[in-house]
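Here is the structure we will look at.
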Amino acid sequence: MTAPLYPAQTRDQFQVTTSTVSIPDPLQERDVNFRVHRPEGDTDLVVVFSHGSLCGCTQYDRLTLPWAERGFIVISPEHPDALEAGAPSGPPDLMLLLSQRIRDMSLALDALGEISGAAAGRKAIAAGHSFGALTAMIKLGLPLAAGSYQFDGSPADARFVAGMSLSGVGQLPPLTEDAFSHLIKPVLATGGSLDEGNVGAGPVFPWEWRLGAYDLAPPGDKYRVAIENADHYFGGLIARDDRGDAADEAGLNIIRAVTSAFLDAYARDDANAKHWLNETDLTALTDGRAVLDRK
């Protein structure tokens with residue numbers, strides 16, 4: 001068996017129960033389903049994970065289940081554009097959809113006891129892939145232009161102490177012009193060289209655009225992982241099993257390693273994990289395939 005890239009990845013392996021819990025949200029006037037991976041025993045470590053556009057919560061288990069096996073409660077909202085929610089009847093109201101996604105993330109913490117049986121999370125991490133990465137970064141403090149958020153209150157949520165932007169976004173509407181300067185909390189951003197920034201309309205951005213949560217953010221607890229020859233779906237292993245090139249287990253394993261280290265560092269306050277993030281030569285460990293930058 002190949003040695004893990006992040007040595008502590010094999011630590012604390014828990015049995016996990018997976019369930020779906022439905023929570024009514026009067027603010028949205030809809031019931032929100034959550035896919036929940038709950039490790040055995042008591043834990044107050046929580047990851048709220050937002051899926052990509054027109055993707056499904058169940059399609060991310062290869063990524064989210066290993067986090068739960070390491071002791072994290074992982075809660076994945078089923079946003080209105082989820083595969084599980086059915087095909088949309090027409091073109092979505094994108095500002096309403098984004099507002100619903102943003103609200104779903106906070107509802108996961110509002111109803112944490114009902115969803116997972118846990119007390120309020122001591123260290124909640126916001127995470128997401130693609131459109132979900134944008135959703136997660138807004139919860140972390142990425143500001144929207146005035147009037148873009150269609151519910152009362154702030155789109156940000158101070159209960160999230162750090163975030164992970166997987167194949168995320170750079171500058172685009174409806175973010176304010178200086179939006180990324182507000183990302184002052186710890187962030188891990190990842191992207192692959194085959195992962196162009198195609199948002200469905202308008203320009204197609206170079207793959208580096210997906211690392212905006214690192215490149216455009218101020219220094220301080222920021223990490224950037226770029227993977228050579230990795231696409232948006234790791235060959236159909238996450239998000240959509242009918243997309244991408246050949247299955248890329250090695251590329252996805254790099255993401256599992258760095259996300260595990262980040263969660264340990266900023267949810268568990270593990271000094272060894274922070275040392276790994278700040279000192280490891282990931283390029284050497286991956287035979288030149290991945291680069292880990294930090295600032």
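The values are calculated or read from the model by the stated rules, or taken from the named source; none is laboratory data. Computed from a prediction, not measured in an experiment: that's the story for all the values here. These accessible areas exclude ligands, DNA and RNA; they are computed on the full protein's heavy atoms, side chains included. Shrake-Rupley method; radii C 1.70, N 1.55, O 1.52, S 1.80 Å.
Some observations on this one:
- Hydrodynamic radius (Kirkwood) for the range 135-190, which is based on Cα pairs only, to one decimal in Å: 11.6 Å
- Cα Rg over Rh - the range 1-148, Kirkwood: 0.98
- Here is what passes the span test in the chain: the DSSP H helices with alpha carbon length of 18 Å or more along the helix axis and a Kyte-Doolittle mean of -0.5 or above are 94-110, 249-267.
- Orientation-averaged projected area, Cα convex hull of the chain (nm²): 14.3 nm²
- Once the gyration tensor of the Cα atoms in the range 171-283 is diagonalised, the equivalent ellipsoid follows with semi-axes of 24, 21, 11 Å, ordered largest first.
- Computed with every protein chain present, the accessible area of LEU94 is close to 100 Å² [probe 1.4 Å].
- Within the accessible area of the range 1-47 (1.4 Å probe), percent carbon and sulfur: 50 percent
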